[in-house]
Structures are given as structure tokens and as C-alpha cells.
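Structure record follows, encoded as C-alpha cells.
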Amino acid sequence: MTASGRRTRFRVEGMDCASCAAKIEKAVRRTPGVTDVNVSVVAGTMSVQHGDELDLDSLSQKVTRLGYKATRVGATKKTMPVALAQSGDRKYDHANDHAVHDHSDHDHAGHVHDPNCKHDHDHAGAGNDHSGHDHAGHVHGPNCKHDHDHGHPGHDHSVHDRRALHPNEDPTPAAQNQTRFRISGMDCASCASKIDTAVRRMPDVTDVKVSVVAGTMTVMHGVQADIDGVARKVNSLGYKAAPILADRQTAPAAVLDSAQSIAASGPPDALEGMHGHDHGPQDGPWWKTSKAQLTIVCGLALAVAFGLSQFLPQTQPWGFIIAMAVGLIPIARRALSGAMNGSPFTIETLMTIAAIGAVIIDAAEEAAVVVFLFLVGELLEGIATGRARASIRALAALMPKTALVERDGTTETVPADSLAVNMIVLVRPGDRVPADGVVVSGESAVDEAPVTGESVPKRKETGDNVFAGTVNQEGVLKVRVTASAADNTISRIIALVEEAQESKAPTERFIDRFSKYYTPGVMVVAALIAILPPLLAGAEWNTWIYRGLAVLLIGCPCALVISTPAAIAAALSAGARRGLLMKGGAVLENLGKVNYVALDKTGTLTEGKPKVTDIVGVARDQRETLRLAAALEAGSSHPLAVAILAKAADEKVSIAQATDAGAVGGKGVVGTVDGVRLFLASPRAAAEEVSLDQQLLIQIAGLNDEGKTVSVLLADKEVAGLFAIRDEPREDARQGIAALHDLGAETVMLTGDNQRTAKAIAASLGMEARAELMPQDKQKIVGEMRAKGKFVAKVGDGINDAPALAAADIGIAMGSGTDVALETADAAVLHGRVKDVANMVMLSRLTMRNIFQNITLSLGLKAVFLVTTVLGVTGLWPAILADTGATVLVTANAMRLLAWKGLQET
């Protein structure tokens, strides 16, 4: 099998390891229209094989959002067909873990910048153990711009193994396009199955994913597919298909043209509103839908027929037959359309056979009532399903309609969806933030509960990130927009959840396969029940045909088939509202199996920012020691300096101006404050200037044993005090680890930091630690745990833990809604809460329990009514109630997951 297309090469700036290449390759390979990707770290290039319809500018933007810069090299070339080849194993062997390395006794002497230096390198390694770390010689000129972090903190550039391991060619068959449709009128798994079967049979369609709860359909197809024809096919089944045009960047021009022609098409399909599974709009009050109107008309017709039977008995059974026909004709047309498109065994088929059969055996009154009850049940299903759709769409409602844009000193009101990157917007107290952005001025408390579920507002000041849809509570904020409306956090969450809802979980796939045999089997059983007793035992034909028809209605698999996707969709929605993203039902199911969790230290268990944990006053008191050190460090961007300055700000210590400040090569930082000569250095450097008594040395050793970096402040040749600094665990880390243990999961910290720091942090959290690891070591440990039968989840920042994330059964990225976190792992914790890892496992287990309840409920009801029907205890009415009632109960039970709140604060 061969494939032809085009090949475009890009120059990619910012790559420096195999992890970078893997990240870019994975993101680009997921782009519709891309058939193969080769990324070379050494050459700094990327070669993309793709179809004619690929939007190359959009592809460049995707790479840019990952923190790199992609520029096209030369012209796009036509490629020859290539034979399919087996992809080679991808290996990652890059030591990119600087953020967690031990820097004990590390000497930064000689790190000097001249006045015009623009050396954009971040050597900080936030969260490292800097015990004994000598920062002497770290001199900054007045124009130095020493402030660069090029998108992947955690890389140790001094030990880069720059071998780019290129996989073998792995081209895929013909380039694929992807078109998404919004489908109105689906309210059960039977609907989705019919649409899937019909569309999948169309020419050049390679894959179809339909989500009842999301109300969407994704079609993978070749360039020859007739998009107009797909929409018409769905419309012919009695639904309404409208292409989703939101993502114009990736939609091929042909698809957009087709979508526009569909949107501008003429009158609706003739079947609209004529059947139980109405395809009318689901928005607005339920009683205004075509489905409700059909049910009401059918009910009125039944009431009229009943009235006529009382006052004009001679009109019967024709009155009930006409009442039945009002509801049955649309259902029968749907049954015929489904049969013609590959779905002969549907609920509409069963209903049509049962109703017509009841009329034949002179049970027209019951036939009319059964059709009406069926429509009522379908209406209730639609209302319940609408609740699930609304749960995730409610996120979109958080977005304000307008925004105040500041231009040239004045403000003007513009539509929020027109905001572009780098615009400055004004957010007043009480306003919702109209876009993702960065605060450029102002300070306020922002309520993030609508997006993150956090009950306590967060303080925001200059440089902090804010999310669209959150509520500003106090002061006025000026925010620079960092993402367009189509690309903000809420939009991406909605898109990811809808895509996840379209992907089928393993349980759902099994039930789908089971139902394909179940419904025909029930029809055979019903036929045997209707025929065998009269033939073999001489029983009355009408009685056993009636019972056979009742069994037909019991045999509808709707409740069984919806049991899994309804629960999965509700759980995905509930998780998204808490900042938990899981990419599909398979991931959600598997999370419940996790019994071993490996977590990175820096940025995952800890905040990734060193903090002053202890100030020990010796010759000066604590406050005076802090004041002098802050004056000495003012203006420095070194992590230890930043920690001291942050502590001074927290304690509201006024910072004096130091004179004659500078660095002593290989020693530390010196300066004069209030006439006092100061020297801030490591204990080793301080010991060269003054004698440190034994008690002080014991105190320093004790702090070092706790994984803390100790600096000594000398004032005029005497020890003024000590500072202990450490990257502290997140506030909820202990609670999160304890919650995992309560769920029966073992935990281990995997870090590149030194043994002393790792053990100190791990001990405070009650977990095991494995330290001084390279990325490939973490990957190996994960592999070893899986070999022992553990079901392993690896939690990291989604950047420098790529090998271990890929090696685990479930990879969870700990991030803040970044593209990296959303693009790479199986699941993402958007808001950096360790307890959310436990929340994911808990949500998975609750979901699987809910699915088990749903399956038991649907099969149990059918079993009970099957027995009572065969025995003659129940008839057609209870049979249809058993079917639609079970579906409504199953859906309602699944919707209980929407109320899930996760672990509560303690």
C-alpha cells in the first residue's frame, strides 16, 4: 500500500535534546493531514509529509505554542509514493533534568557579564539543593539581560547528549482530513450507532466517531469524500448535521466551502420533527422542541381516540389506529431509513413490528398507548442527555460577551471573541476576565472557582497569569492577552473533553459488539415465543403473539448501550470542571487500576521556587538579618536572592540601598549597608573570613540534613545570622500523597536531586524517594515496576519527564493549562494540585462503579420483565416502560457523577 503527498521542511529553533524532538513530533503527528514527521535535533530541522490541504501556517503556530520557532525552508516539494515501513523504536537518552540536580559545592565563580551582555541563560534550576553553593563571581553589568528560560526548564545543558536518535520511516496511508459536525436530535446510543453505520459506508470515509452526550460527530476522510453528502446522509436519517467551523486554522478549504454550502442550504429535511428521535434544536425549553410537540400531538390524538371509544364505540378500533399512526409513521420511516443504511435492528424497527403486530391481533388500543409511552420515554431521554451536554457547555457560558480594550489611553468595548494576542484589556471589579493573559498592572483577588473549583480567591499581581472566565473581585487589572478566544484555556478544555467523549472506552466497545448480536437474538427469541407454543402445544395464537411482541420491546438494547458512554461523558465533564483532563474513556477507565504512582519532585511535589524556610539570628535579630541580606541582594535575579527578597516582602521589611555591592570571585556577595560591611556567602566561604563555632556548625549541618541550602551573613567580621532555603512541597502535597495511600496506591518520588534533599522532602510527605536519577533512569524504574505487575501512573511536568511519561501505563502532566501539558500526556492536572492525582483515580473508580450499576440495572430489569412477560403477568405497556424507563434511570444515574466535587479541603 502506498501514499503520495507533499513534503515540507522547517527550521526549528530552540530544540536541544531528544525530548524536545519527541514533543514536537507527537504534537505535529496529531495534526489532521499530516502523514509522517521526522525531527532532527542536531540539524535543527523538521520534515513533514502531508496532503495538499494542510495549513502550514497553522502547523508553524502549533510548534511555536510548544515554545519553539518553526520557519519553513524553501518550497514545499511533491513527494513520491512510499512503501509502508515499520517504525523503529524511539529512544530518549538525554540528561535534561537540571531542575532537580544537586548543586552542592557548585562554584559559579567567573560567571561575569560585561555591561552590554545579553546572555539569555537561566542557570537557576529552581528548587535545586544549593547546599554549599558558591555564587561568587556572578557579576551583572547595568545592561545585562540575564533572564532567559527558553521553554523547557529542567535541561542540564552542560551534560547534553546531543545524539538525535531518528526513528525509521513511518509513513501512513493516504493523507487524512478531519471534519467535525454538530448533530442535533441524538438522545441514545441507538441514534449514534445508526449514524456511525450509515456514514462509515460512504465512499472515502475511513473512520467515524459519534458522541451522543457531546452531540458531535468526527469524520476522518480522504480528499475525495463528499462532505455535503455526509450531512445529507445524516439528515436523511432524521437528524440535523452542521459542520463545526470553529477551527478554521486546520480545516481544509474544501471542507470549509462544503460546510458553508451546507449552512446555507435550503429547507430542512422532510423528516424533521416527524419521529421519536427528533433532530430539532436541543437548546431552549424542552417543550418547544419538535420531539415534545410530536409527543403532545400523539397524546392528544390518543385522548381523542379514548373519548370517541366512550361516546362513539363504533369508531373503534380506527380511532386508536389513527392515534397510533400519528406517532408511528415517523418512527417507521426512521426504521426504513436505518435499514437502508446498514442498521436494520434498531429500536424503531422493534417498535414498528410490535405496534403493527398488536393491531393485527386486535390490540390497537394497547398499540397506540405503547407508541405514546415510547415517545414520552424518548423525550425524557433527550432531557437527561441534554443535561450532560449542558454540563460541559456551561464552561463556554463563563466567557463574557464583551471586553474593554485599552488603546492610546482610551478604552472601547469590543466583542470578547475578537480579542487578539498582545491586546491590553481592562478588567474592573466584578467583571469576568475576557481572555487568557498576563497581568501588566494592578493587583486584585481573582475568583477561579468557575474554572478550577478552588473556593479561595487567588491574589494576582503584575506578571501573574489569569484565565478567561474567572471573576475579578477587588481592584482594576490591566491584562495583556496571550491567547485568542478560540485558543484560550476554556475553549481548549471544551474541545478536548468533546473529543474525549467521542472516543470509546474499552467497556463501551465491548457492549457495542455485544449489542450487535443481542438485538437480533432477541428478535429470534421473540419469534420463537410467538410461534412454538401454538405449534407444539396448541396454545392460543393471539396470546403468544402478544407475548412475543412484548418480548420484542423488552429486547431494545438502548439502556445497556448508553450505560457506559453516559457515565464516561458525565465523568469527563465533572473532571474538566475541576481542572482534570483525561483524553478519552480508555484513560478514564485505566486510571482506576493505578496502584503505583511515580511523581517528579521539582514542580510536581514542590512548587519549583526556593523559599526561605529558616532565619537564624546570631549577632543580629532575625528581622535585622533579613533587612541587611535583602539590601545586599536587591536587583539580583538569582533564585536564592529572589527567595530572600520575597521573604522580605512578606515580612514587610524596608530594604535599604547597598553601596559598593559586588561579587568576590569564588566567595560570595559583598556590599555596605548603613556603614556596615556585609558578606553573604556559603558556610565554606564564610569560614575563611571568620571562625564558626562548633554549635553553629552543628546547626548548619542539621539544616543541610533537611535538604536546605544554608547561607551565612557576615557583618563587620561577625556572624549576623543564617538563612536556610529550600524548594518547599506544595501546600496540598501531603494530603494528596495520603489520599493516594488511602486508595491503595504506593507512591515514590523520582528525582535527579541529591539523596539528602530527596529523602528530606519525601520523609515530610510520607513516601519513598529514588534520587540522583537521569531521565532514562526514571524510565527504567517505571519499566521495572510494570514488569512486577504494577499498574503505573507517572506524574511530571510534561516536558523533561517525557521518557518516563511514555513508559508508564498512564502519563499525567502537572501543568497550568499549557499547550505542552495538553498535548503530551494521557491526562493533565491543569492547576498543579497533587491531590488531583488522587482525584483522578477516585473519579475513575466511581465511574466504573456507576457503569456496573447501570449495566446491572438495564439487564436486571429486562430479565425480570422477560420472565413476567413469558408467564403472562405483564404485557406491552410494562414492556415499553421497562425499556424507556431503564434508559431514563441509567442516564439519570450516570448524571449523578456531574455532582462530584473531588477531595474536600482539610
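The values are calculated or read from the model by the stated rules, or taken from the named source; none is laboratory data. Computed from a predicted model, the values in this text were never measured in an experiment. Heads up, the Cβs are rebuilt from the backbone with ideal geometry, glycines too, and the neighbour counts pull from every protein chain shown.
Details
- Test: E624 is farther than 17 Å from A570 by Cα, touching a residue at least 40 places away in the same chain (Cβ under 8 Å) and assigned to a helix (DSSP H, G or I): yes
- Exactly one residue among F311, F372, F345, F320 is modelled with pLDDT under 90, out of contact with any Cys (no Cβ under 9 Å at 6 or more places or on another chain) and over 26 Å from K516 (Cα atoms), and that residue is F311.
- Scanning segment 636-657 for residues that are over 36 Å from the mean Cα position of the chain (by Cα) and either in contact (Cβ under 8 Å) with a residue 24 or more places away in the chain or not in a loop (DSSP other than H, G, I, E, B) (or both) turns up S636, A641, I644, L645, A648, A649, E651, V653, S654, I655, A656, Q657.
- Among residues of segment 711-737, those that are in contact (Cβ under 8 Å) with a residue 40 or more places away in the chain, in a strand (DSSP E or B) and closer than 11 Å to A619 by Cα, counted: 7
- Some residue of segment 393-414 being modelled with pLDDT of 80 or more, in a helix (DSSP H, G or I) and touching a helix residue (DSSP H, G or I) at 6+ places or on another chain (Cβ under 6 Å): no
- Count of segment 702-738 residues which are within 18 Å of I761 (Cβ to Cβ) and not acidic (D, E): 18
- Test: residue in segment 738-753 that is surrounded by fewer than 22 Cβ atoms within 10 Å (Cβ to Cβ) and either modelled with pLDDT under 90 or closer than 22 Å to V618 by Cβ (or both): no
- The listed residue being small (G, A, S), at pLDDT below 70 and either within 30 Å of T289 (Cα to Cα) or part of a loop (DSSP other than H, G, I, E, B) (or both), out of A175, A198: A175
- Test: residue in segment 695-713 that is more than 24 Å from K609 (Cα to Cα), surrounded by 13 or more Cβ atoms within 10 Å (Cβ to Cβ) and in contact with a Gly (Cβ under 8 Å, 6 or more places away or on another chain): no
- Selected residue (criterion: nearest to A720 (Cα to Cα)) from residues of segment 643-660 that are surrounded by fewer than 18 Cβ atoms within 10 Å (Cβ to Cβ), of a type outside the set (S, T, Y) and touching a helix residue (DSSP H, G or I) at 6+ places or on another chain (Cβ under 8 Å): A656
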